[in-house]
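Just below is one structure, and these are the notes that go with it.
The values are calculated or read from the model by the stated rules, or taken from the named source; none is laboratory data. Please read all numbers here as calculations on a predicted model, not as lab measurements. Glycine gets a Cβ as well: all are built from the backbone with ideal geometry, and neighbour counts include every protein chain shown.
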Amino acid sequence: MNRKQRRRVAFVVAVTMASATAVGLSLTALKDNVRYFYSPSDISGAHVRTGTAIRIGGLVTPGSMHRGGGTIVQFGITDGTKSIPVTYRGVLPSLFREGQGVVATGALDSSGDFQASEVLAKHDEKYMPPEVVDALKRSGHWNAAKDSGKKVL
């Protein structure tokens, strides 16, 4: 190999190593943030920091919905094992109701309550997001016979 070829090989090796380092740092920075959402049990186990923007998903806890003044709504999200209190300021989707699947975007406050900035409800009575189904199965609250008609996309 002559001098010019050695420089080319050294350049290719350096670019490859720099690229691998950049990819590794990016994946490390993303860590758990590539998940679609956390279940209430995941939040208590993952030690999510206050103020970190996340999504939480599960079922709206029956009997937990309370309307405050104006557009403030408080409710709980549960995966059958743990429940997280949620406060949302805004208009809820028309399909939102107790016992139904929901995914909320927001952050935990210092008291451990979830301050939602967006609430998404499932689009019909037969659909449940696959992540919610997986979380319910992990917690042992998935009833395949009862929920056999639900579409999982």
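List, please: which pairs have Cβ atoms under 7 Å, are six or more places apart or on different chains, and start with a residue in the stretch 83-111 that is aliphatic (A, V, I, L, M) and end with one that is outside any strand (DSSP E or B) and loosely packed, with under 15 Cβ neighbours inside 10 Å?
Final answer for the pair search is V91/T71; L95/H123; A107/G51; A107/T52; A107/A53; L108/T50.
Say whether the condition of being of a type in the set (A, V, I, L, M, F, W, C) and either loosely packed, with under 11 Cβ neighbours inside 10 Å or more than 28 Å from Q115 (Cα to Cα) (or both) is met by at least one residue in the stretch 62-73.
No, that holds for no residue.
Working carefully through the options T28, T52, T81, find the one that is under 18 Å from G140 (Cα atoms) and either in the same structural domain as P130 (by TED's automatic domain parsing) or out of contact with any Gly (no Cβ under 6 Å at 6 or more places or on another chain) (or both).
Step by step, each of T28, T52, T81 is checked, and only T81 is under 18 Å from G140 (Cα atoms) and either in the same structural domain as P130 (by TED's automatic domain parsing) or out of contact with any Gly (no Cβ under 6 Å at 6 or more places or on another chain) (or both).
Looking at the stretch 83-109, which of its residues are of a type in the set (K, R) and modelled with pLDDT under 90?
Answer for the stretch 83-109, where residues must be of a type in the set (K, R) and modelled with pLDDT under 90: just R97.
Restricting to the stretch 65-82, name every residue that is free of Cβ contacts under 8 Å to residues at least 40 places away in the same chain and among the β-branched types (V, I, T).
Of everything in the stretch 65-82, those that are free of Cβ contacts under 8 Å to residues at least 40 places away in the same chain and among the β-branched types (V, I, T) turn out to be T71, I72, V73, I77, T78.
Within the stretch 84-106, count every residue that is closer than 24 Å to D42 by Cβ, β-branched (V, I, T) and surrounded by fewer than 20 Cβ atoms within 10 Å (Cβ to Cβ).
2
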